[in-house]
Structure formats: C-alpha cells, structure tokens
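Structure first, then comments.
The values are calculated or read from the model by the stated rules, or taken from the named source; none is laboratory data. Keep in mind the model is a prediction, meaning the values are calculated, not measured. Note that each Cβ is placed from the backbone with ideal geometry, even for glycine, and that neighbours are counted across all protein chains shown.
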Amino acid sequence: MSGYSDAFKQEVELSLSRRHFCGLIASTGALGFCGGCAVNPATGKEDLILVGAGDEKAIGLREHPKILAQFGGVYDDPSVTGYVASIGGRLAAATETPGLGFTFTLLNSPVVNAFALPGGYVYITRGLMALAQNEAELAGVLGHEIGHVSARHSAQRMSQTMLAQLGVGLLGAIVGGQSSQLAGGVAGLYLKSYSRDQEFEADMLGVRYMNRAGYDARAMASFLRGLRANSRLDAKIEGRPPGDIDAFDIGATHPRTIERVQRAVANSGKGRAGGKRQGRDDYLNTLDGMIFGDGPDQGYVLGQRFAHPKLRFEFTVPPGFALRNKLDRLTAASRKKGATIVFDAAPKPFQGSMAAYLSNVWARGARVQQLERITVNGMPAATGWVRGSGPKGPLAFRLIAIRFNARAIYRFLFAAPPSVMPSLSTAFQRTTYSFRRLTPAQVEDLKPRTLAIVEADSGDSSERLVQRMAFDAYRRERFNVLNGLEGSTPPKSGSRLKLVVRSG
Ligand SMILES: [Zn+2]
C-alpha cells in the first residue's frame with residue numbers, strides 16, 4: 001500500500017503525457033528525422049531513433065523517483081542492494097557500452113517484476129529475488145534488462161510512438177479532434193510491452209553478457225521455469241484458470257518462451273566455453289533474513305484480517321472472501337456469491353463531513369439512497385447505497401466513507417447482485433465496524449515474514465520443513481516453488497533450502 005491513492009498514478013500519467021511528448025519533440029528538433037540513424041553497437045543494426053542518448057539519460061533521471069514511489073522505494077538493506085549492484089556492474093562491464101553508466105535498484109516490493117528505463121536504469125523487486133535459485137538466475141534477469149537498454153528498445157519505442165503521435169496529431173488538427181487523445185498514448189510508455197523481436201534480442205544480449213561475465217547462461221531458462229511455476233501457483237491460489245497466468249505479472253511485459261531462451265543459450269555456446277558460475281551459496285547467504293511478501297509499508301493480509309502497522313488500522317472481511325493486497329487498494333471477493341469488497345483511501349483530502357464527501361465527491365453524479373451519518377469505533381463516517389451494473393448484470397453498491405484523521409479518509413465499497421445483497425448485509429456491516437485504529441502494542445506485534453535459509457539433514461523429512469512455512473494454506477506448493485522443487489521428492493541431505501518464517 002505504498003502509493004495508496006489513484007491521484008498519484010494520475011499525476012504520473014499526466015506528467016508523462018503532454019509535457020513529456022512536447023519536450024521530446026523540442027529536444028530532438030522535431031522533424032529532423034534521420035538525425036537519429038546510427039549503428040547500434042550492441043545489435044549492429046541501424047536504428048531510426050529520434051531520442052538522443054542524452055535525452056534518454058534525462059528521461060531516466062526524471063522518471064526514477066516516480067518508479068521508486070510506485071514500487072515501495074529501495075529495499076532498505078545495503079548488503080542486499082550492494083550485492084545486486086555488484087552483479088549488475090559485472091554484467092554492465094561486459095556490454096558494448098560499459099561507459100554508459102548503469103544504475104541497479106532493488107525495489108522494496110513483494111510483486112515479481114523486473115524492468116528498465118531509458119538511460120541505464122535497471123530495476124528488480126525483492127519478490128523476484130526471493131524466487132531466483134542462484135546468482136546466475138539473477139544475472140540472467142539483469143542481463144536481459146541490460147539488453148533492452150543497450151539495444152535502445154525504449155528509445156525505438158518512443159520514436160515509433162512519436163511518429164504515430166505526429167500522424168494522430170496532424171489528423172486531429174484537421175478534423176478538430178481533441179489534443180488530449182494525442183497525449184494519451186504516451187502515458188505509461190516505458191513499462192508497456194516490447195515486441196517479440198525485442199524480447200529475443202534482449203535474451204541474446206543477456207546471454208552474451210552472462211557468458212562474458214562468467215555466468216552459467218542456462219540459468220536464464222531455469223529462472224523462466226521458476227517464474228512460470230510461481231505464476232501457476234498464484235493462479236491456483238486465486239482460483240484463476242492456469243491459462244490466465246501470462247496476463248498478470250512479468251509475463252505481460254515479457255512474453256518470452258522458455259524454448260526460445262534455451263535456443264539463445266545453445267546458439268551462444270557453439271565453439272566457445274561459456275561461463276560456469278552459478279553462485280548458489282553466495283546468493284542464499286544474501287537472501288537469508290530478507291523480507292518476504294508484504295512488509296510494514298504494504299500492510300499484512302492475515303487470513304480474513306488486514307492490518308497496516310504504518311498506517312495504523314485494521315479490519316476483517318467475512319469468511320469466504322479472499323483478501324488481496326493490490327498496494328493501492330485491497331480487494332476481497334467471494335466467487336460463490338458474486339460479491340466483492342474494495343477498500344482504499346480517498347485520493348484527495350476533503351475537509352467537509354463524510355456525508356457531504358460521499359454524496360458530492362465519491363458518488364458524485366450517482367443517486368445515493370438512504371444516506372446516513374454513522375460512527376465507526378469513534379470515527380465519523382457516512383454510508384449510503386447506489387445502483388449500478390457490472391459485467392454480469394445489475395449490482396447494488398454499499399458505500400462507506402470513514403474519516404480517519406484530518407488528511408485521510410478510508411472507503412469500503414461492497415458490491416453484490418441486488419438479490420444477494422440482503423443476505424450479506426449483516427456480514428458487510430460487521431466488516432465496516434471491524435475497522436479500527438491499532439494500539440501501539442498491536443503495531444509492535446505485527447512483524448513481516450522473512451526468508452530463512454536452512455540445511456536439510458538426513459533426518460529432516462521434507463514434510464517437517466514444509467510445516468515450518470508461515471502460511472495457512474498451500475505450504476507444500478509454496479515450498480516447492482520457492483526452492484525450484486517438484487512433487488514430494490525429499491531434498492538431498494546437506495542441501496540448502498529457503499523457508500518463509502514469521503520473524504519476531
Ligand atoms: Zn524483456
């Protein structure tokens with residue numbers, strides 16, 4: 001829950017839109033087209049690029065703080081961030097442009113992701129780090145992202161968008177269209193997906209840099225297998241069909257197939273001795289004690305309860321509703337009832353009463369029925385309901401706005417088909433009144449899960465290790481995914497394994 005407001009995202013998108021677009025045009029001399037045609041030292045190809053290397057650096061520098069804000073900031077442990085930077089540095093030195101100046105950042109986010117900004121800014125999350133099995137796998141991810149940077153894929157993409165935008169803009173001017181449409185296409189540009197060709201190119205370059213830096217390049221493929229197993233397990237836990245998996249995480253930004261990566265590795269090995277280093281021990285030593293899953297900045301899902309030690313509140317959702325922390329909001333859905341609870345913070349401060357906020361701001365334009373002032377554990381609040389519709393037909397929405405303090409308003413939105421709503425109203429009411437401030441002692445008790453590295457001895461049945469996993473469900477599956485294992489095969493005696501434990 002770092003961002004916790006839509007306002008922030010809108011701001012990011014706005015600042016990426018019109019001003020950004022115009023800035024690029026101005027700085028590249030508008031229609032000076034082939035000013036950017038140059039042979040790329042990494043790919044050996046001639047690129048049409050309208051964005052100069054200096055511009056790329058400036059864009060990265062400007063967007064970097066926004067990425068930090070959106071992904072929970074830098075992970076606060078210099079030994080881990082230093083380790084990531086040293087691996088990145090070794091790979092960067094193996095590129096065609098070692099002087100470019102790369103910046104490697106470990107983000108304090110539980111999601112599994114990696115990406116790069118123009119100008120040499122490369123990011124990985126601690127969620128991704130937990131999933132990798134050794135240093136070489138991490139190097140594979142970093143190498144792939146470095147590949148996107150050195151092949152200047154962002155710059156190509158920006159240039160293509162600029163060309164397209166120029167067309168749209170001219171057309172818009174002729175038919176009197178709105179300039180806001182022109183601005184819209186640039187928003188979120190950097191994190192949008194690359195083409196298949198660009199992904200393949202990044203893989204080839206990543207494998208090249210791994211080999212040069214002495215890493216076992218096969219790790220690039222083994223990491224993708226782990227990623228896939230993780231996505232499948234996520235889908236299973238959330239009750240999504242397994243075919244759904246690529247739409248969700250890194251798969252969406254990186255449509256890469258394991259086979260293609262294996263081919264890239266095989267091709268690179270022809271007639272040359274590849275790297276050997278896997279670095280599992282160094283890697284596991286670094287992971288030992290690292291926060292796993294939600295941290296104090298994100299708040300914790302504890303069964304049906306959600307508690308946020310930084311923001312100091314908690315609430316509980318009804319049985320049968322699965323809580324999901326989406327960082328800017330929480331959702332809890334019951335597939336059986338077709339009902340959903342969404343909890344979030346009001347994007348902007350509001351000074352008036354909660355009833356005024358609910359009817360004039362939040363539900364503005366809708367007909368709010370039975371608007372009522374209430375008090376939730378001492379906090380002024382308001383409730384009302386509106387009719388609406390979802391993809392599967394009409395829905396009733398129960399809205400609750402709670403004044404937490406002068407700046408913060410928290411909101412529950414309960415949605416269910418009108419026929420189901422009466423049977424849920426008591427449960428929803430209970431959730432509303434479970435919202436309360438945490439005491440300092442309760443805050444103190446809320447500790448994150450962390451990774452612990454253990455050694456399997458000959459007497460340790462894997463089942464005993466699995467039982468130490470700090471989860472209510474899917475312990476075996478999580479244990480396997482975390483350690484790249486399958487089925488119930490016992491780990492080799494003496495092998496080192498990752499466990500997730502509750503610290504404190
Ligand atoms: Zn990629």
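Taken as a whole, the structure leaves V141 outside the set of residues that are touching a residue at least 12 places away in the same chain (Cβ under 8 Å), within 11 Å of the ligand (Cβ to nearest atom) and over 25 Å from G484 (Cβ atoms).
For the condition acidic (D, E) and touching a strand residue (DSSP E or B) at 6+ places or on another chain (Cβ under 7 Å), E455 qualifies. Whenever a residue of region 419-436 is touching a residue at least 12 places away in the same chain (Cβ under 8 Å), its partners that are hydroxyl-bearing (S, T, Y), lying with C-beta atoms within less than 6 angstrom and at least six residues away or across chains, give the pairs S434/T316.
Please enumerate the residues belonging to region 231-254 that are crowded, with 20+ Cβ neighbours inside 10 Å and either within 14 Å of the ligand (Cβ to nearest atom) or at pLDDT 90 or above (or both). Let's see the steps before the verdict.
In the first step, residues of region 231-254 are kept if they are crowded, with 20+ Cβ neighbours inside 10 Å; the result is 231, 245, 250, 254.
I250, H254 - these are the residues of region 231-254 that are crowded, with 20+ Cβ neighbours inside 10 Å and either within 14 Å of the ligand (Cβ to nearest atom) or at pLDDT 90 or above (or both).
Checked against the criteria, R478 counts as part of a helix (DSSP H, G or I), among the basic types (K, R), surrounded by 12 or more Cβ atoms within 10 Å (Cβ to Cβ) and not assigned by TED's automatic domain parsing to the domain that holds R228. Close contacts from region 199-219, counting a first residue that is closer than 15 Å to Q262 by Cβ and more than 12 Å from the ligand (Cβ to nearest atom) and a second that is in a helix (DSSP H, G or I) and among the aromatic types (F, W, Y), with Cβ to Cβ under 8 Å and a gap of 6+ residues or different chains, come to none at all. Taking the criterion of being surrounded by 21 or more Cβ atoms within 10 Å (Cβ to Cβ) and either among the hydrophobic types (A, V, I, L, M, F, W, C) or touching a Cys at 6+ places or on another chain (Cβ under 7 Å) (or both), the residues of region 205-230 that qualify are L205, V207, M210, A213, A217, A219, M220, A221, F223, L224, L227. When the residues of region 455-496 are filtered to those that are at pLDDT below 95 and hydrophobic (A, V, I, L, M, F, W, C), which remaining residue is nearest to K236 (Cα to Cα)? The qualifying residue nearest to K236 (Cα to Cα) is A473. When E314 is tested against (1) assigned by TED's automatic domain parsing to the domain that holds T426; (2) at pLDDT below 80; (3) of a type in the set (D, E), only condition (2) is not met.
Show me the strands (runs of 3 or more DSSP E) found entirely inside region 1-115 where at least 1 residues are modelled with pLDDT of 90 or more. I'd like the intermediate steps shown before the answer.
Working: elements: 37-39, 46-48, 103-107.
It comes to 103-107.
Of all residues in region 116-131, how many are outside any strand (DSSP E or B) and within 16 Å of the ligand (Cβ to nearest atom)? Talk me through it step by step, then tell me what you get.
At the first step, the residues of region 116-131 found to be outside any strand (DSSP E or B) are 118-120, 126-131.
Then drop every residue that is not within 16 Å of the ligand (Cβ to nearest atom), which leaves 118, 120, 128.
Matching residues across region 116-131 total 3.
Which of the residues belonging to region 376-419 are polar (S, T, N, Q) and exposed (fewer than 13 other Cβ atoms within 10 Å of the Cβ)?
Of all residues in region 376-419, those polar (S, T, N, Q) come to 377, 383, 389, 405, 419.
Answer for region 376-419, where residues must be polar (S, T, N, Q) and exposed (fewer than 13 other Cβ atoms within 10 Å of the Cβ): S389, N405, S419.
Which one of these is basic (K, R) and within 27 Å of D234 (Cα to Cα): R335, R367, R387?
R335
The single residue among K310, K336 that is touching an Asp or Glu at 6+ places or on another chain (Cβ under 9 Å), surrounded by fewer than 17 Cβ atoms within 10 Å (Cβ to Cβ), part of a loop (DSSP other than H, G, I, E, B) and of a type outside the set (D, E) turns out to be K310. Considering each residue of region 429-443 in turn, at least one proves to be assigned to a strand (DSSP E or B) and surrounded by fewer than 17 Cβ atoms within 10 Å (Cβ to Cβ).
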